[in-house]
Each structure stands twice: as structure tokens, then as C-alpha cells.
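A short write-up of the structure that comes next.
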Amino acid sequence: MLLAIDTSTTLVGAACLRAHEVLSEVTVSDARRHGELLAPTIQQALDRCGGGVGDLDQIVVGVGPGPFTGLRVGITTGLVMGHVLGIPVVGVCSLDALAAQALQGPAGQWGWPEFLVAADARRNEVYWARYAVCDGLATRIGQPAVSRPADLSGDIRSLPAVGRGPVLYPDVLTQTSGPLDVSPAALGALTAHASALLPPEPLYLRRPDATPSAPPPAFTTAAP
């Protein structure tokens with residue numbers, strides 16, 4: 001059984017899968033309480049599928065890009081559980097999970113050849129990646145990036161977009177009825193594709209808001 005965890009967006013989520021079949025999924029919407037909510041969310045996902053931590057064979061964590069605190073909570077939790085249980089922990093780009101979810105909705109129904117995934121990065125910016133649809137799968141074109149929506153090239157801004165980005169910036173990005181936040185079940189399903197797997201390390205893309213304070217001034221004692 002696989003446990004999938006994602007804390008890269010406003011959702012705190014966990015899902016249990018077996019042979020890529022979703023057994024349970026629990027999500028809570030709260031952008032500020034990842035640390036408080038993740039453990040009970042994991043327990044609820046296990047309870048709903050009738051399993052326990054001893055039944056887990058693998059853990060997958062969403063590595064972002066996303067906010068610093070949220071990513072650290074999810075990835076650290078997954079790594080600690082994997083160490084204690086002696087099972088492997090892998091990472092998946094959270095934007096890839098959003099792209100996979102989009103194929104279950106408008107992207108798949110309307111036959112988009114390409115689309116944009118844009119998640120809220122705060123500071124009036126978005127985490128984004130461009131995807132091409134090939135053989136029913138969303139293939140990322142290039143690496144995820146962060147920028148102001150208005151700074152994206154015109155051909156990228158004109159693509160159908162999913163995620164929080166087009167909701168926050170509808171005057172710049174092309175809004176659709178696609179997914180807004182990452183589904184941990186979609187994240188877990190991506191482990192079926194080896195090319196989607198990454199090291200369980202946070203994908204930050206930029207420096208944190210907090211910076212070290214200046215060191216205190218040095219004091220010297222005058223010689224007598």
C-alpha cells in the first residue's frame with residue numbers, strides 16, 4: 001500500500017493507494033496550519049481504507065514548488081515515516097499532479113494539445129509549468145518556474161490554465177474549470193510512471209521571505 005502526501009497548496013492532503021487504485025483520500029483546506037493538520041489527515045486516510053502504518057510499502061510526497069513551511073512539513077513527515085518504517089520515500093512534482101488532474105477534466109474532454117499549470121506563489125507571482133498532451137498523458141515542457149503572470153510570454157499566457165493562478169489573475173491568464181489544488185490521490189497515481197519520480201527534496205525555486213538578522217555589534221574593552 002502506498003501513502004501519498006501533499007502540502008504544496010492550500011490543501012493538506014493524504015491518500016492511500018494499492019496497485020494505483022485509490023483506497024481513500026482526505027483533504028483539508030487551510031493554507032496556514034499544515035503542521036497541525038497533516039498527522040490527523042494521514043490517520044484519517046488510513047482509517048478510511050482499513051489500514052495502518054504497518055501496511056505501507058512506499059510513501060510519495062509532493063515536492064512542490066510551493067511555500068517553504070508547507071513543503072517542509074509534508075516532506076519531513078514522509079521522510080520520518082519512511083525511516084521509521086524502513087520503506088522507500090519518493091517525490092513527485094506537485095504541478096505534475098495538477099496536470100494529471102486536468103486530463104480528467106477539461107484538458108481531456110476538450111482535447112487541449114497544450115495547457116498551463118499555474119499555482120499561487122504569493123508575492124503576486126505564480127509557480128508555473130507548460131504541458132503537452134501526448135497519448136493521454138501530460139508531459140511537462142521544461143522545468144517549473146516562478147514569475148509574475150504578466151511577465152510570461154504571450155503564447156504561454158494564451159494557453160488554457162489550471163490551478164489557483166488563473167483564478168487570482170483572470171485578466172492575465174486564461175481561466176478554465178480545471179483543478180485548483182493538488183489531489184494527493186493524483187500524486188500517488190503518478191508513481192506508476194518512473195519518469196515522474198524525483199528525490200524527496202523541496203522544490204523551492206526562490207529564497208525564503210525571512211532573512212537572518214544582522215549580527216550584534218562587537219564590543220571591545222579599553223585597555224587600562
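Just the number, please: carbon plus sulfur as a percent of the accessible area of the range 78-164, 1.4 Å probe, no ligands or DNA/RNA counted.
53
Would you compute, from DSSP H runs of 4+ residues alone, the mean residue ellipticity of the chain at 222 nm, taking -39500 (n - 2.57) per run and dividing by the full residue count, rounded to the nearest 500?
-8000 deg cm²/dmol
Under a plain spin-label model, where a point goes 7 Å from the Cα along Cα-to-Cβ, how far apart in nm are residue 174 and residue 155?
Taking the two extended label points, one gets 1.3 nm.
Classify the range 83-132 as rounded, prolate or oblate from the Cα gyration tensor: take a ≥ b ≥ c as the square roots of its eigenvalues, call it rounded if a/c is under 1.5, otherwise prolate when a/b beats b/c and oblate if not.
Here the range 83-132 falls in the oblate category.
How much FRET efficiency would the formula 1/(1 + (r/R0)^6) give for residue 21 and residue 57, where r is the Cβ-Cβ distance and R0 is 22 Å, rounded to 0.05? Present the calculation step by step, with values, prior to reporting the outcome.
Numbers: r = 14 Å, r/R0 = 0.64.
After rounding, the FRET efficiency stands at 0.95.
Pick out, from 7, 192, 20, the residue whose Cα sits farthest towards the positive end of the charge dipole of the chain, with +1 on the Cβ of Lys and Arg and -1 on the Cβ of Asp and Glu.
7
Where nothing but the Cβ of Lys and Arg (+1) and of Asp and Glu (-1) is charged, how large is the charge dipole of the chain around its Cα centre, in debye to the nearest 20? Intermediate results must be reported in sequence, preceding the final value.
Working: 14 positive and 19 negative charges, 103 e Å.
Charge dipole, the chain, about its Cα centre: 500 debye, nearest 20.
For the range 1-49, rounded, prolate or oblate, judged on the Cα gyration tensor with a ≥ b ≥ c (square roots of eigenvalues), a/c < 1.5 rounded, else prolate if a/b > b/c?
Prolate, because a/c is 1.5 or more and a/b exceeds b/c.
Ignoring ligands, DNA and RNA, how do 34, 193 rank by accessible area with a 1.4 Å probe, largest first? Mind dumping the intermediate values first?
Numbers: 34 10, 193 70 Å².
Result of the area sort, largest leading: 193, 34.
Tell me which of 142, 172, 58 sits at the most positive position along the dipole axis of the chain, charges placed on C-beta atoms (Lys, Arg +1; Asp, Glu -1).
About the Cα centre, the residue reaching furthest to the positive side is 172.
So how much slack lies between residue 80 and residue 132, counting 0.36 nm per residue of separation and subtracting their Cα-Cα distance, in nm?
Full-extension gain reported as 15.2 nm.
Can you tell me the order of 9-20, 88-99 when each peptide is scored by its average per-residue count of other Cβ atoms within 10 angstrom, highest first?
Peptide ranking by packing, descending: 88-99, 9-20.
With a probe of 1.4 Å, find how much accessible area the range 18-106 has per residue, and write the answer as a whole number in Å².
Computed with neighbouring chains in place, this is 45 Å² per residue.
Could you give the size of the charge dipole of the range 1-124 about its Cα centre, using +1 on the Cβ of each K and R and -1 on the Cβ of each D and E, expressed in debye and rounded to the nearest 20?
The calculation lands at about 360 debye.
Within the chain, which DSSP H helices have Cα atoms that stretch 20 Å or more along the helix axis and a mean Kyte-Doolittle hydropathy of at least 1.0? Walk me through the intermediate numbers first.
Details: long enough: 34-48 (21 Å, -0.33); 68-85 (25 Å, 1.21).
What comes out of the filter, once short or polar helices are dropped, is 68-85.
Taking 8 Å as the Cα distance limit and 6 or more residues as the minimum spacing, I'd like the relative contact order of the range 1-139 as a percentage.
Across the range 1-139, relative contact order equals 20 percent.
Counting only DSSP beta bridges with both residues in the chain, tell me the antiparallel percent, nearest 5.
Taking every DSSP beta bridge with both residues in the chain, the antiparallel ones total about 70 percent.
The values are calculated or read from the model by the stated rules, or taken from the named source; none is laboratory data. Note that the structure is a prediction, hence the values are computed from the model and not measured. As a convention, Cβ positions derive from the backbone with ideal geometry for all residues, glycine included, and neighbour counts pool all protein chains shown. Note: areas computed on protein heavy atoms with side chains; ligands, DNA, RNA excluded. Shrake-Rupley method; radii C 1.70, N 1.55, O 1.52, S 1.80 Å.
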